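Bear in mind these aren't lab numbers, they're just calculated from the coordinates by the rules spelled out. Just so it is clear, the model here is predicted, and its values are computed rather than measured. Positions of Cβ are backbone-derived with ideal geometry, glycine not excepted, and every protein chain shown enters the neighbour counts.
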Ligand SMILES: CC(C)(COP(=O)(O)OP(=O)(O)OC[C@H]1O[C@@H](n2cnc3c(N)ncnc32)[C@H](O)[C@@H]1OP(=O)(O)O)[C@@H](O)C(=O)NCCC(=O)NCCS
């Protein structure tokens with residue numbers, strides 16, 4: 001199981017009333033709309049790969065663990081503008097990494113954010129991530145970075 005200490009130890013005051021779970025059927029239209037709005041990865045969307053953060057019935061944010069043949073990829077992370085800066089993004093990432101049982105990567109144009117969560121840049125990654133990186137370089141043009149969680153994986157758990 002993945003060790004989440006680096007993320008959870010830095011968690012700011014936890015908001016009360018927040019629930020982290022798989023998306024309900026009703027959330028799905030809004031998730032797709034926000035993925036388009038924030039220009040996030042919309043390829044091969046599948047609701048079972050997502051974690052959402054909700055307050056009651058209100059969707060505040062979401063993220064995804066995209067399955068590749070050789071690895072998982074953290075992607076499509078977003079928090080609604082009015083709810084940013086409250087640790088929701090960090091907690092969604094922690095929830096997603098809690099389910100990881102193989103190498104996980106992120107291709108991102110905001111490496112400074114993920115560095116705060118304990119991710120580090122890597123130059124070594126499998127073909128699926130190379131393909132994603134090439135696609136991002138074409139679309140973003142802004143020099144995306146590939147990162148991995150700095151915490152180690154424990155084997156045999
Ligand atoms: C990135 C995003 C998910 C962060 O969500 P969040 O809930 O605000 O994140 P957290 O509350 O966990 O962390 C907020 C902290 O990160 C910092 N932060 C946010 N974006 C950052 C960035 N691009 N670079 C560095 N730090 C950043 C904030 O300044 C804040 O710092 P503070 O705690 O010192 O005030 C949110 O800004 C978002 O939805 N952005 C648009 C979509 C996007 O870019 N997704 C990532 C695609 S790889």
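Things worth noting here:
- Hydrodynamic radius of the stretch 5-149 by the Kirkwood approach over all distinct alpha-carbon pairs: 15.5 Å.
- For residue 70 and residue 127, the difference between the fully extended length at 0.36 nm per residue and the C-alpha to C-alpha distance is 19.7 nm.
- Förster radius 35 Å - calculated FRET efficiency between residue 16 and residue 109, Cβ distance, rounded to 0.05: 0.65
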